[in-house]
Amino acid sequence: MSNVRVLCLVLLTITSSTLHRPAVRAQGAETDPRIVAMVGAVSEERLGTLLRKLESFETRHTLSSTTSGTRGIGAARQWILDEMKSYSPRLQVSFDAYQLPRQGRITRDADLRNVMAILPGKSPRRIYISGHYDTVAREGGQSATNAGGSGAAAAPQTDSTGPIDNLAPGVNDDGSGTALTMEMARVFSQSGVEFDATLVFMAHAGEELGLVGAWLHARKAVEQKTPIQAVLNNDIVGNDRGGNGIVDGATIRVYAEGPEDSPSRALARFVQRWGARYVPSHKVRPMARPDRFGRGGDHSAYNQLGFAAVGFRESRENFTRQHDVRDTFDGISLPYLAQNARVNLAAAATLALAPPPPRVVNERGQPLLTRAPSGYDANLTWAASPGAVAYRVFWREAWGPDWQHERLVDNVTNVVLPNVQIDDLVLGVAAIGPGGHESTVAAYVSPPRTETLIKTAGQ
């Protein structure tokens, strides 16, 4: 009999004190009507209005002009700020600003400003939804880069220290992610729902110059010990027709940094699980790599500094409409963009209403998983998660990419599974709140081995 089958039988016979039905929504297809209403409030029309306005600035290059009221990065960021301020007095909207000296791709001193809208929750832990509002256009665009082109600017600068004002509409890259983020700020702030987590809606700048705005904000979060639990980054999510003519308006890719059971991979699985619950017509396709081959996005900056972050990417890309003057509104599918927004909403709302994930390691970072008491059991221990009324145990074969089985357990912090071989399975635990909202899964993972220094004769 396989270990997975044994575990199924074991969990079905655990004593009633452990597998007692807690006072939470039953396991299955039940949904929160508040989240259902929010999903239904996402507006294709509003997304279209936002995209047309973003296109009207003609360029949003991070180093474009800041003096015009209608064109360039300065006008764009002020409009994004004012627009999000108009959604609700609950939103705390501000610039997250940095002064940058000339360096690398930043060819002149720059005033870089992320636009940040905070919806305070009952706790300080943060859930981010983000995109980048800056743009770039190169000769031949991304399609030329893919073919080995130089990626030169579309219009050469006569003054290397002046603004970069060549046309770069960036409607899909990344007006789509920016519009999605703004629409999420509107829907969440106008929902009337009080969330446990604090939600942050972030329009980053400087992504096209090396993830600059995201990296600076993430570094500040580390320095200030800001508890960022999850980042849902959206970059190129508005087109359903690939440059090769293949159409896919029913799926979205979600990229996640490894290793296999990293917090980012747990977040991608969570998006897939809860996206299917609230938006069953739109399939989430987790991707077990940091991003598309040879490319990156703002979520990578958060990953580098230790935060769980994933990147949403449309399923079929048209490279002639990326980093290109042809990236215009006519390349957008509003129904597809709206579906991607709904998946973001379902995942973020569930996370923000759920307790934080349980801690499954001790103060030294060692997993709280043993073979006690017999030496052949699976003994799972975790720290209680604030606000949890129950927990869900997950498991899969060690070769499997996703959870295969799950069981609801009571408000306990220890479960012993007799005669279950922990070497052949991956196990994890999620916390569940009173309304049935579930955290990401915290997996029991062995820490990396430290290097063993062995001296040889003569050393």
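Across region 279-289, what is the total count of residues that are of a type outside the set (S, T, N, Q), in contact (Cβ under 8 Å) with a residue 12 or more places away in the chain, surrounded by fewer than 21 Cβ atoms within 10 Å (Cβ to Cβ) and not in a strand (DSSP E or B)? Don't jump to the end; show me each part of the working.
First pass over region 279-289, keeping only residues of a type outside the set (S, T, N, Q): 279-280, 282-289.
Add one more test, that the residue is in contact (Cβ under 8 Å) with a residue 12 or more places away in the chain, and what stays is 279, 282-289.
If we keep only those that are surrounded by fewer than 21 Cβ atoms within 10 Å (Cβ to Cβ) as well, we get 282-283, 285-289.
Adding the requirement that they be not in a strand (DSSP E or B) leaves 282, 288-289.
The total comes to 3.
What number of residues within region 361-384 are closer than 22 Å to G433 by Cα and within 26 Å of the chain's Cα centre (by Cα)?
4
Within the set of pairs 6+ apart or on separate chains, which have a first residue in region 372-392 that is of a type in the set (D, E), a second that is in a loop (DSSP other than H, G, I, E, B), and C-beta atoms under 6 Å apart?
Final answer for the pair search is D377/R371; D377/P418.
Here's the yes/no breakdown for (1) surrounded by 19 or more Cβ atoms within 10 Å (Cβ to Cβ); (2) over 29 Å from K53 (Cβ atoms):
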residue	(1), (2)
D330	no, no
L337	yes, no
A354	yes, yes
N379	no, yes
A383	no, yes
E397	no, yes
Q404	no, yes
D410	no, yes
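Residue check: is W395 of a type in the set (F, W, Y), within 17 Å of A430 (Cα to Cα) and either out of contact with any His (no Cβ under 7 Å at 6 or more places or on another chain) or not in a helix (DSSP H, G or I) (or both)?
Working: of a type in the set (F, W, Y): yes; within 17 Å of A430 (Cα to Cα): yes; either out of contact with any His (no Cβ under 7 Å at 6 or more places or on another chain) or not in a helix (DSSP H, G or I) (or both): yes.
Yes, satisfied.
Considering region 385-395 alone, what residues qualify as being within 25 Å of the chain's Cα centre (by Cα) and buried (at least 18 other Cβ atoms within 10 Å of the Cβ)? Steps first, please.
From region 385-395, those within 25 Å of the chain's Cα centre (by Cα) are 385-388, 391-395; that's our starting set.
Residues satisfying the conditions are S385, G387, A388, Y391, R392, V393, F394, W395.
Please determine, by comparing only the residues of region 244-259 that are among the β-branched types (V, I, T) and surrounded by fewer than 16 Cβ atoms within 10 Å (Cβ to Cβ), which one is farthest from the chain's Cα centre (by Cα).
From region 244-259, those among the β-branched types (V, I, T) are 246-247, 251-252, 254; that's our starting set.
From the residues that got through so far, the ones that are surrounded by fewer than 16 Cβ atoms within 10 Å (Cβ to Cβ) too are 246-247.
Details: I246: 26, V247: 24 Å.
In this case the residue turns out to be I246.
Of the residues that sit in region 356-377 and are touching a Phe, Trp or Tyr at 6+ places or on another chain (Cβ under 7 Å) and buried (at least 18 other Cβ atoms within 10 Å of the Cβ), which one is farthest from V416 (Cα to Cα)?
Of region 356-377, the ones touching a Phe, Trp or Tyr at 6+ places or on another chain (Cβ under 7 Å) are 358-360, 367-369.
After this cut, where a residue has to be buried (at least 18 other Cβ atoms within 10 Å of the Cβ) as well, the list is 358, 360, 367-369.
Values: P358: 17, V360: 14, P367: 15, L368: 12, L369: 10 Å.
The selected residue is P358.
Against the condition at pLDDT 95 or above, among the hydroxyl-bearing types (S, T, Y) and surrounded by fewer than 21 Cβ atoms within 10 Å (Cβ to Cβ), how does S264 come out, does it pass? Walk me through how you get there before you give the answer.
Details: at pLDDT 95 or above: yes; among the hydroxyl-bearing types (S, T, Y): yes; surrounded by fewer than 21 Cβ atoms within 10 Å (Cβ to Cβ): no.
No; evaluated as a whole, the condition is false for this residue.
Each row is one residue, and each column tells you yes or no for (1) of a type in the set (V, I, T); (2) modelled with pLDDT under 95; (3) crowded, with 24+ Cβ neighbours inside 10 Å.
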| site | (1), (2), (3) |
| --- | --- |
| P169 | no, no, yes |
| S176 | no, no, yes |
| S189 | no, no, no |
| G192 | no, no, no |
| F195 | no, no, no |
| G206 | no, no, yes |
| R219 | no, no, no |
| I228 | yes, no, no |
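Collect the residues in region 231-252 that are more than 22 Å from M182 (Cβ to Cβ), part of a strand (DSSP E or B) and not β-branched (V, I, T), keeping them in residue-number order.
Matches in region 231-252: R241 only.
Which ones in region 95-137 are touching a Phe, Trp or Tyr at 6+ places or on another chain (Cβ under 6 Å), assigned to a strand (DSSP E or B) and not charged (D, E, K, R)? Don't jump to the end; show me each part of the working.
First pass over region 95-137, keeping only residues touching a Phe, Trp or Tyr at 6+ places or on another chain (Cβ under 6 Å): 112-113, 117, 119, 121, 129.
Add one more test, that the residue is assigned to a strand (DSSP E or B), and what stays is 112-113, 117, 119, 129.
L112, A117, L119, I129 - these are the residues of region 95-137 that are touching a Phe, Trp or Tyr at 6+ places or on another chain (Cβ under 6 Å), assigned to a strand (DSSP E or B) and not charged (D, E, K, R).
If V445 passes every condition in (1) buried (at least 23 other Cβ atoms within 10 Å of the Cβ); (2) among the aliphatic types (A, V, I, L, M); (3) not in a strand (DSSP E or B) but one, which one does it miss?
Looking at each condition in turn, V445 falls short on (1).
So which residues in region 398-422 are at pLDDT below 95, among the charged types (D, E, K, R) and assigned to a loop (DSSP other than H, G, I, E, B)?
The answer is D402, and nothing else.
The values are calculated or read from the model by the stated rules, or taken from the named source; none is laboratory data. Model, not experiment: these values are computed from the prediction. Here Cβ is always computed from backbone atoms with ideal geometry, including for glycine, and neighbour counts include all displayed protein chains.
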